[in-house]
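J.: Just dropping this structure here.
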Amino acid sequence: MSEFDVRDGVLDAVIVGAGFAGIGTAIRLRNKGIDNFVILERGSAVGGTWRDNTYPGAACDIPSRLYSYSFAPNPNWSHTYSGSGEILEYIHTMVGEFDIESRIRFGHNVIDIIWNEAAGHWHLSIDGHADVRARTVVMASGPLANASLPNIRGIDTYEGHKIHSARWDHDYDFEGKKIAVVGTGASAVQIVPELVKVADTVKVFQRTPGWTLPRMNRKTQGSTKRRYARYPQAQTLARSLWFWGHESVALGVVWKTPLTRIVELVGRAHLRRQVRDPWLRRQLTPRFRAGCKRLLMTSDYYPALQKPNCTLVTWPIATLSPRGIRTVEGVEHQFDAIVFATGFDVSNTGTPIPITGRDGRVLADEWSAGAKAYKSIAVSGYPNMYFTFGPNSGPGHSSALVYMEAQIDYLVEAISLVLDGNLHSADVRQDVQDAYNEEMQRKLAKTTWNSGCSSWYLTEDGFNATMFPGFATQYVNQLRSVEQGDFTMTPRRVERPREPLRVHESTLPLR
C-alpha cells in the first residue's frame, strides 16, 4: 500500500481512463516529477480499446514499431502488425515497468465533472464511491470507449444471439451456425475471415464498399529482436522509417492529388488479383475517392468472401425480424446469430461524461453541433482540463500514438505551469480557440474526408470534428510548447503552504 501527497484533500491531477492515453499521461507526469495524481478507470483492468476488442482476428492496421510510444520502445513485437492480445500485453508491460498500477482506481466510473470557480479545482462524482477533487483533469477516455448496437429497425424483435464486435461473447459457439455480419469496416474485415473457418454459413451485409489495400504481416526474426534490444537506436531508426513512409501516404489520402490515383490503382489491383468474379469485383469497388473513408488493410478479407460458405449481401437492410434480417427487396435471411461490426459511438458531438465549466456552461451543449477545441486539447471556459484525442486530432494516414504522444507532452507541460506557478486557472482564450477552429474547417474543406462521402468522421450535417487536415509533423509541431499568451492565467487568490500532508492510500477521497 503506497502513500500519496494530498494537499487540502485536493489532488494535483486526475486522469480519466486507463487506456493508452491514460497510461502514457501517467508515465510522463511521473517523469516530470508530478506524483500527486490518480487514474480513474471504470473497468476492472487497463487497456481501454484493446482490453475491450477481443474479437477473432482483432489487430492493429498500423505497424507495431509506430503503434507504440517512443519513450517505451518494445523490441519484442512478434509481427509487423500486432494482434490485440500483444498490444494489450505491451500496455500491461508499461504499467509494470513504470510502476503505474498503484495510481489506478479500478471500478471508478466518473459520472459528473464540475468546475468549482471559488476553489479553483474540479469536482468529480464517481458512481458508488466518494467524490474526488483535483487541480487539473485529463480526459483520456478516448473516442473509441463506448460501443452500442446500431439503431436498426426491429433490432429488439430479433430472437437469436446478438454480438457487438467490441463486446465479444467468447462463450458463444459459432461451430456449424448460420451467422450474419453487419458492417464491412475495419473490424468486419478482420472478423469475417475467422468466422468462415468455423461457421456453417456467413452472410456479410455491406452498405458501402471501402478502399482495401494489401497487408503484408511478416514475422519478426529473433535476430531482429535481439538487435533492437541491444541497440535501441536501431529500433528508433526503424520507427523513423515507418513514420516517414506513412507521412508520405498523406499526399495520397488526405488531399486529392496525383498520388490519390496511385493509392486507388493499388486498391484496384489488389481487388483484381484476389477477386476473379467480375460481378463480385463490381460490388466491392468503392464509388468515392480513396481516403474519404478509412482505408482498410487486409489480405484475408477478399478470399474469405469467396469461400463456399460465405455470401456478400448488398441489398440494404429494411428491418430485423424475429428470425433474422429482411432486406428491402423483401427477402428474409435467417440466422442463429448476428455480429454487429458497426463501430463505436464516436463523440464528435456531445461528451461521454457530463462536464460543467465556468458560469454553469455545459460542454455537451456547446458541442451539440460539433466538438471544437484549441489544438484538440483545451476548451475555453473549462480551465485546467485537457483532452487526449480531442476534436480534430484524428490521423488519416499515420499512427494515433504519434499524435497522442505529442498531446501528452503538451498537456503535461500545461499542468506543470498550473502547479509550479500556483495558478488558480489556465483557460484558453475564446478568440484564440475560435480562430484556430476557423482555420481547421477552412483546411478540412480541401481534404478527401469532406469530399462528399458519408463517414463517422462527420456529423449528420457534414461538420468534421474528427480529423486533422495535415501531416503528422504539422500536428506534432503545433504542440511543441504551450504558448502562454493563448491562455488567461489567473494566480491563486490565497497562498497555501506547499508542504504536503502525508496520508495513507486508504484515506484518499477515492473510496
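J.: Can you tell me how many residues in the range 386-405 are assigned to a strand (DSSP E or B) and surrounded by fewer than 24 Cβ atoms within 10 Å (Cβ to Cβ)?
T.: Here the count works out to 1.
J.: Given the options GLY154, GLY176, name the one that is under 17 Å from ILE325 (Cβ atoms) and either open to solvent by less than 10 Å² (accessible area, probe 1.4 Å) or touching a residue at least 12 places away in the same chain (Cβ under 8 Å) (or both).
T.: Checking each option against the conditions leaves just GLY154.
J.: Moving on to the next point. I'd like the full set of residues that are surrounded by 18 or more Cβ atoms within 10 Å (Cβ to Cβ) and in a loop (DSSP other than H, G, I, E, B), limited to the range 101-127.
T.: HIS108, GLY120
J.: Say we look at the range 406-420 and pick out the residues that are open to solvent by less than 20 Å² (accessible area, probe 1.4 Å) and within 22 Å of the chain's Cα centre (by Cα); which of these is nearest to ASP35 (Cα to Cα)?
T.: The residue in question is VAL412.
J.: Go through the range 290-335 residue by residue and tally those that are out of contact with any strand residue (DSSP E or B) (no Cβ under 7 Å at 6 or more places or on another chain), of a type in the set (A, V, I, L, M) and under 20 Å from ARG272 (Cα atoms).
T.: Count: 1.
J.: Among VAL202, VAL181, VAL137, VAL198, which is the only one that is surrounded by fewer than 18 Cβ atoms within 10 Å (Cβ to Cβ), β-branched (Val, Ile, Thr) and modelled with pLDDT of 95 or more?
T.: When all the criteria are applied, what remains is VAL198.
J.: If you check SER84 against the conditions, is it under 17 Å from SER399 (Cβ atoms) and open to solvent by 30 Å² or more (accessible area, probe 1.4 Å)?
T.: No, not satisfied.
J.: Find the residue count for the range 73-100, including only residues that are over 19 Å from the mean Cα position of the chain (by Cα) and in a loop (DSSP other than H, G, I, E, B).
T.: 10
J.: Report the residue count in the range 1-34 for those that are modelled with pLDDT of 95 or more and not hydrophobic (A, V, I, L, M, F, W, C).
T.: Adding up the residues that qualify gives 11.
J.: Please go through the range 250-275 and give me each residue that is charged (D, E, K, R) and touching a residue at least 12 places away in the same chain (Cβ under 8 Å), ordered by number.
T.: Answer for the range 250-275, where residues must be charged (D, E, K, R) and touching a residue at least 12 places away in the same chain (Cβ under 8 Å): LYS256, GLU264, ARG268.
J.: Considering only the range 474-486, how many residues are open to solvent by less than 40 Å² (accessible area, probe 1.4 Å) and touching a helix residue (DSSP H, G or I) at 6+ places or on another chain (Cβ under 8 Å)?
T.: 5
The values are calculated or read from the model by the stated rules, or taken from the named source; none is laboratory data. Just so it is clear, the structure is predicted and the values come from calculations on it, not from any experiment. Note: ideal-geometry Cβ built from the backbone for every residue, glycine included; neighbour counts use all protein chains shown. Remember, those area values only see protein heavy atoms, side chains included, never the ligands or the DNA or RNA. Shrake-Rupley method; radii C 1.70, N 1.55, O 1.52, S 1.80 Å.
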